[in-house]
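Peer 1: Here's a structure for you.
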Amino acid sequence: MKIRIRGNSIRYRLDKTDVELLENTGKVESITHIGTGTLHFCVRGKDITDPVIKMEHDGVHLLLPLPRLAAWYAPDQVGFELILPNADGTELTILVEKDFKCLAERNEDESHAFDNPNAGQNC
C-alpha cells in the first residue's frame with residue numbers, strides 16, 4: 001500500500017495483493033519503522049454505514065463500509081473519494097485507488113500493480 005499525504009488529504013493506493021487481502025480478510029495495513037517507533041496505516045472493511053478515520057497513538061485507521069468496498073472491487077472501478085469532517089471544522093479528503101503500473105519506465109517493482117488502462121495509447 002502506498003500512502004501520500006498532502007495538506008488535508010490522504011491518498012491510499014492499493015496494488016493487487018493489497019486489494020486481494022482487503023477483500024479476503026477485511027484488512028490491509030502498512031507499517032513504516034522510524035527510529036525506535038512505527039507509523040501504522042490500516043484500511044479495514046466494516047459493517048458500518050459511513051466511513052470513519054481515526055488517528056491513534058501510532059497511526060491512522062480508515063474504516064470503510066463493506067458495500068462501498070464491494071463495489072470498488074469490480075475490475076472497472078479505479079477508486080473513490082471521501083470527504084470527512086474534522087472536529088475543528090476543516091475537512092479531510094481521502095482517495096482510495098487501485099495502484100496502476102506507471103506509463104514511464106521506473107526503477108520500481110510494479111509486479112503487483114494493476115495494468116494501466118492507458119498503456120499503449122499515445123498521449
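Every number in this text was worked out from the coordinates using simple rules, so none of it is lab data. Please read all numbers here as calculations on a predicted model, not as lab measurements. All Cβ positions, even for glycine, are placed from backbone atoms using ideal geometry, and neighbour counts span all protein chains on display.
Peer 1: Pulled fully out, how much extra length does the chain show between Glu81 and Arg4, if you take 0.36 nm times their separation in residues and subtract their Cα-Cα distance?
Peer 2: 26.3 nm
Peer 1: Something else: Restricted to Cα positions, what overall size does region 55-97 have along the principal axes? Three whole-Å values, descending.
Peer 2: 36, 22, 16
Peer 1: Roughly speaking, what is the stretch gain from Glu23 to Asp88, that is 0.36 nm per residue apart minus the C-alpha to C-alpha distance, in nm to one decimal?
Peer 2: Length gained, Glu23 through Asp88: 20.1 nm.
Peer 1: Rounded to two decimals, what is the ratio between the C-alpha radius of gyration of region 2-98 and 2.2 N^0.38 Å?
Peer 2: Computed over Cα atoms of region 2-98, the ratio equals 1.07.
Peer 1: Based on DSSP, what percent of beta bridges with both residues in region 2-98 are antiparallel, to the nearest 5?
Peer 2: Of all bridge pairs located within region 2-98, approximately 65 percent are antiparallel.
Peer 1: At a Förster distance of 30 Å, what's the computed FRET efficiency of Arg68 paired with His33, Cβ-Cβ distance as r, to 0.05?
Peer 2: 0.45
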